[in-house]
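Quick one: this structure, given as structure tokens, is what I'll be asking you about.
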Amino acid sequence: MEKKKSRVLIIGATGNLGHHLANASLHFSHPTFALVRPDTFSDPRKSQNLRALSDAGVTLLQGSLEDEESLVEAVKQVDVVVCAVQAKQVLHQKLLIQVIKNAGSIKRFVPSEFGLDPDKTQISGMDYNFYSNKAEIRRLVEAQGIPYTFVSCNFYTSYLLPSLVQPGLNVPPRGKVTIFGDGNTKGVFVKEIDVAAFTIRTLDDPRTLNKVLYFRPPGNVYSLNELVELWESKIGKKLEKVFVSEEELLKKIKETSYPDNMALIFIYSAFIKGDQTYFDIESADSADATKLYPELNYTTISQYLDTLL
Ligand SMILES: NC(=O)c1ccc[n+]([C@@H]2O[C@H](COP(=O)([O-])OP(=O)(O)OC[C@H]3O[C@@H](n4cnc5c(N)ncnc54)[C@H](OP(=O)(O)O)[C@@H]3O)[C@@H](O)[C@H]2O)c1
């Protein structure tokens, strides 16, 4: 007989990744709950979103990361908590972590990360605490002894890939293309719906308990040179390449004000420092998502680029 599926609470289920998490949770037959802010319940622009979640089978609970009582009530009803609030709210998870610690009943917590491994990035001092905040939450979760999985999915396909990593463009170039560095450092892109499916799939899996779940799916790891070559083969045309050196990129980052420079900083991190791929993911405290779940399908970069033709 199949083991009973954990009850899952999604915080941020009305968000970009969160709604995929909620749907994936239902898809994998988890009783699914969402913590929704009171203002969001009364926001007419969000009512359709909420109705869709509720019609699909998600139990909506009213509350927020700032409301301790709502967190206590919500955490009581579930076995697993997945948080998908946006990056600038990452430190707001501290109260939730305290509530989870006090409850003592949560079997897995997935904090809001869903990007590069904050313990591996090599851009400290230049990312406006983007990664150090996520690392701080990791340390707190570990110190409190809360069972966790940290999800390190690298870039979403909706981030930078729609322009073939050309800041300022919304579509891939068909004439001139900028390549940062020598173009040989590899980065990783994964579609949000796939990140959500692998994340939910792993919640009841003892192999990912207290581990970092990394994403480097075959077909989704590309250097800028390889990306351009792939795009050229699809449009049947060679592009004019303009190379921007590391020094030039660093200068551009300095000259551009925050937050407009964040895209350049992420490009520097991934495609010059190699922060998504420079390290081995076969260690004892990590797990490789696509190796663990070969039965799960995902969209490759080539398939994604086909949708942009
Ligand atoms: N890898 C990448 O390329 C990439 C790109 C973007 C984001 N990310 C990561 O993905 C994660 C989720 O970001 P996102 O952009 O998907 O977020 P998002 O779309 O902005 O959604 C945030 C969600 O959090 C909810 N929320 C906000 N404040 C809350 C509070 N106080 N209490 C409870 N819920 C609250 C929002 O609800 P309301 O509807 O009430 O506002 C919304 O549902 C973050 O960790 C971010 O760093 C990764």
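Identify the residue in the range 32-57 that is under 25 Å from LYS94 (Cα atoms), under 23 Å from the mean Cα position of the chain (by Cα) and of a type outside the set (Lys, Arg) and, among all such residues, is nearest to the ligand (Cβ to nearest atom). Break it down into steps so the answer makes sense when it comes.
Within the range 32-57, the subset under 25 Å from LYS94 (Cα atoms) is 32-41.
With under 23 Å from the mean Cα position of the chain (by Cα) added as a condition, the list becomes 32-37, 40.
With the extra rule that they be of a type outside the set (Lys, Arg), the set shrinks to 32-36, 40.
Details: THR32: 14, PHE33: 13, ALA34: 8, LEU35: 6, VAL36: 6, THR40: 4 Å.
Selected residue: THR40.
For residues in the range 69-88 being within 12 Å of the ligand (Cβ to nearest atom) and surrounded by fewer than 15 Cβ atoms within 10 Å (Cβ to Cβ), which is nearest to ALA135 (Cα to Cα)?
Start the filter on the range 69-88 by keeping residues that are within 12 Å of the ligand (Cβ to nearest atom), which leaves 70-71, 74, 81-88.
Right, trim to surrounded by fewer than 15 Cβ atoms within 10 Å (Cβ to Cβ) and you get 86, 88.
Values: GLN86: 15, LYS88: 13 Å.
Ranking the qualifying residues of the range 69-88, first place goes to LYS88.
Here is a follow-up. Residue check, GLY63 against (1) more than 10 Å from the ligand (Cβ to nearest atom); (2) touching a helix residue (DSSP H, G or I) at 6+ places or on another chain (Cβ under 9 Å), all met but one. Which one?
(1)
Scan the range 102-119 for residues that are more than 11 Å from the ligand (Cβ to nearest atom) and part of a loop (DSSP other than H, G, I, E, B) and jot them down. Spell out the reasoning first.
Of all residues in the range 102-119, those more than 11 Å from the ligand (Cβ to nearest atom) come to 102-109, 117, 119.
Residues satisfying the conditions are GLY104, SER105, ILE106, LYS107, ASP117, ASP119.
Follow-up. What pairs come out if I take residues in the range 26-38 that are more than 11 Å from ARG7 (Cβ to Cβ) and in a loop (DSSP other than H, G, I, E, B) and pair them with residues that are among the aliphatic types (A, V, I, L, M) and within 16 Å of the ligand (Cβ to nearest atom) whose C-beta lies under 7 Å away, six or more apart or interchain?
The qualifying pairs are PHE28/ILE200.
Quick one: in the range 2-17, of everything that is of a type in the set (Gly, Ala, Ser) and more than 16 Å from VAL151 (Cα to Cα), which residue is farthest from the chain's Cα centre (by Cα)?
The initial filter retains those residues of the range 2-17 that are of a type in the set (Gly, Ala, Ser), namely 6, 12-13, 15.
Pick out the ones that are also more than 16 Å from VAL151 (Cα to Cα) and you get 6, 13, 15.
Numbers: SER6: 22, ALA13: 14, GLY15: 12 Å.
Result: SER6.
Just give me the residues in the range 69-89 being free of Cβ contacts under 8 Å to residues at least 40 places away in the same chain, within 27 Å of GLY115 (Cα to Cα) and either touching a Leu at 6+ places or on another chain (Cβ under 7 Å) or of a type in the set (S, T, N, Q) (or both), in sequence order. Give the derivation first.
Kept after step one, since they are free of Cβ contacts under 8 Å to residues at least 40 places away in the same chain, are these residues of the range 69-89: 69-73, 76, 88-89.
This time we only want the ones that are within 27 Å of GLY115 (Cα to Cα), so: 71, 88-89.
Result: LEU71, GLN89.
Only one of these is among the hydrophobic types (A, V, I, L, M, F, W, C) and within 23 Å of ASN23 (Cα to Cα): VAL151, VAL188. Name it. Even if it seems obvious, please write down each step before you answer.
Values: VAL188 fails: within 23 Å of ASN23 (Cα to Cα).
The conditions single out VAL151.
When you look at GLN93, is it loosely packed, with under 15 Cβ neighbours inside 10 Å and of a type outside the set (Gly, Ala, Ser), yes or no? Before you say what the answer is, go through the steps one by one.
Values: loosely packed, with under 15 Cβ neighbours inside 10 Å: no; of a type outside the set (Gly, Ala, Ser): yes.
So GLN93 fails the test.
Now for a different question. What pairs come out if I take residues in the range 10-24 that are more than 6 Å from the ligand (Cβ to nearest atom) and pair them with residues that are among the charged types (D, E, K, R) whose C-beta lies under 8 Å away, six or more apart or interchain?
HIS20/GLU192; ALA24/ARG201
Is it the case that LEU96 is closer than 25 Å to ILE253 by Cα and among the aliphatic types (A, V, I, L, M)?
Working: closer than 25 Å to ILE253 by Cα: no; among the aliphatic types (A, V, I, L, M): yes.
No: the conditions fail for LEU96.
Additional query: Which one of these is assigned to a loop (DSSP other than H, G, I, E, B) and in contact with a helix residue (DSSP H, G or I) (Cβ under 9 Å, 6 or more places away or on another chain): VAL85, VAL75?
Values: VAL75 fails: assigned to a loop (DSSP other than H, G, I, E, B).
Going through VAL85, VAL75 in turn, the sole match is VAL85.
Moving to a separate point now. Condition first: within 14 Å of the ligand (Cβ to nearest atom), more than 29 Å from LYS251 (Cβ to Cβ) and either crowded, with 23+ Cβ neighbours inside 10 Å or of a type outside the set (S, T, N, Q) (or both). Can you find one or more residues in the range 181-191 that meet it?
The initial filter retains those residues of the range 181-191 that are within 14 Å of the ligand (Cβ to nearest atom), namely 187-191.
Filter once more, keeping what is more than 29 Å from LYS251 (Cβ to Cβ): 190-191.
So of that shortlist, the ones also either crowded, with 23+ Cβ neighbours inside 10 Å or of a type outside the set (S, T, N, Q) (or both) come out as 190-191.
Yes: the range 181-191 contains one or more residues that are within 14 Å of the ligand (Cβ to nearest atom), more than 29 Å from LYS251 (Cβ to Cβ) and either crowded, with 23+ Cβ neighbours inside 10 Å or of a type outside the set (S, T, N, Q) (or both).
Read the figures in this text as sums done on the coordinates, not as results from a lab. Note that the structure is a prediction, hence the values are computed from the model and not measured. All Cβ positions, even for glycine, are placed from backbone atoms using ideal geometry, and neighbour counts span all protein chains on display.
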